[in-house]
Amino acid sequence: MTAPTKPPHGGPADALSASPLGEKSSLSGEHLHSPVIDWFDEHARDLPWRRPEAGSWGVMVSEFMLQQTPVNRVLPVYEQWLARWPRPADLAADAPGEAVRAWGRLGYPRRALRLHGAAVAITERHGGDVPTEHSQLLALPGIGEYTAAAVASFAYGQRHAVLDTNVRRVFARAVTGVQYPPNATTAAERKLARALLPEDEGVAARWAAASMELGALVCTAKNETCHRCPIAAQCAWRLAGKPEHEGPARRGQTYAGTDRQVRGKLLAVLREAHGPVPQSALDRVWHEPVQRARALDGLVADGLVEPLPGGLYRLPLTRL
DNA sequence: CAGGCGTGGCC
DNA sequence: TGGCCAAGCCT
């Protein structure tokens, strides 16, 4: 094959260059030996959804669970889900409330509902197989830009820019030279990600997983370990002396005392119970009646809770 | 597009 | 101790 000739040198200017978008930097490499992929070959974690037997459904389930939830907490729940619902049609045939219950304490339980909804759509519209097209994936509930690219790339080996928080941080540091990426993904970030993507489909998929893993294990938000980084020598941020984040503090998440906390407590009661729960049992989780009622109403509106006659509540047995 | 949406571990 | 952080999505 024609090995594209690489610029003779991969110094800082290569990674940093004001217009790195027209050509691949040495970070990804259009050849088959990017330092990040080499590092990945050596240090990638052996995660169940990366094994061939996981299949596209396993990849998709893992991506839903990993949205804002750490790997270690996902692992046991992932195993339970795949054992119980080995195919999308298996989950689709069960009640949505069972998905919510089996979600356990992963957090953001609307993801469980959306994953169930996606399984129903896959069963009804795609013959029970996770679709291969990015646009079809994007049309499923709970799948956005990132997850569609991740499933297409990790499950089907396709060439997509997979821009998650890890990759965005790696690019922000190594290429742009700042500590953190913007709050929301920008057009410039998408353009950069596309420009860095290796041409070859299989290499591109490998690169996507590798750059994500680098952000998860080495180029972390706090306590990054540059001495273990395969591109430390070209990293714009490190070369600039690792300047601190400038500008307004990044938006933090509040939790204590919010409706979210109340919703969590209400749903925990319903998860533990098998069968309808009386209002009085729910009243015990929060002292303030107005906020309590608002939280319960919200859960019902979201389809996470099903109200029954006689002041009883349960996880949803039927679809909305 | 800023803000809502769970949960737990870490420094 | 409490703010920050963890493979986002939706409105």
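The values are calculated or read from the model by the stated rules, or taken from the named source; none is laboratory data. Treat the numbers as computed from the prediction; the structure is a model and nothing was measured. Cβ: placed from backbone, ideal geometry, glycine included. Neighbour counts: every protein chain shown. Side chains included, ligands, DNA and RNA excluded: accessible areas come from the protein's heavy atoms. Shrake-Rupley method; radii C 1.70, N 1.55, O 1.52, S 1.80 Å.
Go through (1) surrounded by fewer than 17 Cβ atoms within 10 Å (Cβ to Cβ); (2) outside any helix (DSSP H, G or I); (3) not basic (Lys, Arg) for A:PRO316 and report which single condition fails.
(1)
Conditions tested, residue by residue: (1) closer than 28 Å to A:SER135 by Cα; (2) away from DNA strand B (no atom under 14 Å from the Cβ); (3) touching a Lys or Arg at 6+ places or on another chain (Cβ under 7 Å); (4) open to solvent by less than 10 Å² (accessible area, probe 1.4 Å).
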residue	(1), (2), (3), (4)
A:PRO76	no, no, no, no
A:TRP81	yes, yes, no, yes
A:TRP85	yes, yes, no, yes
A:PRO88	yes, yes, no, yes
A:ALA92	yes, yes, no, no
A:ALA95	yes, yes, no, no
A:GLU98	no, yes, no, no
A:ALA112	yes, no, no, yes
A:ALA119	yes, yes, no, yes
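A quick yes/no check of all residues on (1) closer than 17 Å to A:THR318 by Cα; (2) touching a His at 6+ places or on another chain (Cβ under 7 Å); (3) more than 15 Å from DNA strand C (Cβ to nearest atom):
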| position | (1), (2), (3) |
| --- | --- |
| A:PHE40 | no, no, no |
| A:ARG51 | no, no, no |
| A:VAL59 | no, no, no |
| A:MET65 | no, no, no |
| A:LEU91 | yes, yes, yes |
| A:PRO109 | yes, no, no |
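Can you name every one of the helices (runs of 4 or more DSSP H) wholly within the range A:163-282 that holds 1 or more residues which are at pLDDT 95 or above and of a type in the set (Val, Ile, Thr)?
Fully inside the range A:163-282 and qualifying: A:165-171, A:201-217, A:259-272.
Look at the range A:298-313 and say how many of its residues are open to solvent by less than 40 Å² (accessible area, probe 1.4 Å) and either of a type in the set (S, T, N, Q) or assigned to a helix (DSSP H, G or I) (or both). Outline the logic, then answer.
Taking the range A:298-313 as the starting set, the residues that turn out to be open to solvent by less than 40 Å² (accessible area, probe 1.4 Å) are A:298-299, A:303-306, A:311, A:313.
Right, trim to either of a type in the set (S, T, N, Q) or assigned to a helix (DSSP H, G or I) (or both) and you get A:298-299.
So the count comes out to 2.
Can you tell me which residue in the range A:122-173 is nearest to A:ASP90 (Cα to Cα), limited to those that are more than 16 Å from DNA strand B (Cβ to nearest atom), among the hydroxyl-bearing types (Ser, Thr, Tyr) and open to solvent by 10 Å² or more (accessible area, probe 1.4 Å)?
Across the range A:122-173, the extreme among qualifying residues is A:THR123.
Would you confirm whether or not the range A:166-186 contains a residue that is small (Gly, Ala, Ser) and without any contact (Cβ under 8 Å) to a residue 12 or more places away in the chain?
Step one: list which residues in the range A:166-186 are small (Gly, Ala, Ser), which gives A:172, A:174, A:177, A:184.
In the following step, the residues that additionally are without any contact (Cβ under 8 Å) to a residue 12 or more places away in the chain were identified as A:184.
Taking every residue of the range A:166-186 in turn, at least one turns out to be small (Gly, Ala, Ser) and without any contact (Cβ under 8 Å) to a residue 12 or more places away in the chain.
Residue-wise test of (1) open to solvent by 60 Å² or more (accessible area, probe 1.4 Å); (2) in contact (Cβ under 8 Å) with a residue 24 or more places away in the chain.
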{"residue": "A:ARG250", "(1), (2)": "yes, yes"}
{"residue": "A:ASP259", "(1), (2)": "no, yes"}
{"residue": "A:LYS265", "(1), (2)": "yes, no"}
{"residue": "A:HIS274", "(1), (2)": "yes, no"}
{"residue": "A:VAL277", "(1), (2)": "no, yes"}
{"residue": "A:ASP283", "(1), (2)": "no, no"}
{"residue": "A:VAL290", "(1), (2)": "yes, no"}
{"residue": "A:ALA293", "(1), (2)": "no, no"}
{"residue": "A:LEU296", "(1), (2)": "no, yes"}
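Looking at A:GLU63, A:GLU53, A:GLU42, which is the one that is at pLDDT 95 or above, within 22 Å of the chain's Cα centre (by Cα) and open to solvent by 80 Å² or more (accessible area, probe 1.4 Å)? Let's see the steps before the verdict.
Working: A:GLU63 fails: open to solvent by 80 Å² or more (accessible area, probe 1.4 Å); A:GLU42 fails: within 22 Å of the chain's Cα centre (by Cα).
Exactly one of A:GLU63, A:GLU53, A:GLU42 is at pLDDT 95 or above, within 22 Å of the chain's Cα centre (by Cα) and open to solvent by 80 Å² or more (accessible area, probe 1.4 Å), namely A:GLU53.
Give the residue that is nearest to A:ARG87 (Cα to Cα), with candidates limited to residues of the range A:100-110 that are in a helix (DSSP H, G or I) and open to solvent by 10 Å² or more (accessible area, probe 1.4 Å).
Ranking the qualifying residues of the range A:100-110, first place goes to A:ALA102.
Only one residue in A:THR176, A:THR185 is within 16 Å of DNA strand B (Cβ to nearest atom), at negative phi and among the β-branched types (Val, Ile, Thr). Which one?
Working: A:THR176 fails: within 16 Å of DNA strand B (Cβ to nearest atom).
Checking each option against the conditions leaves just A:THR185.
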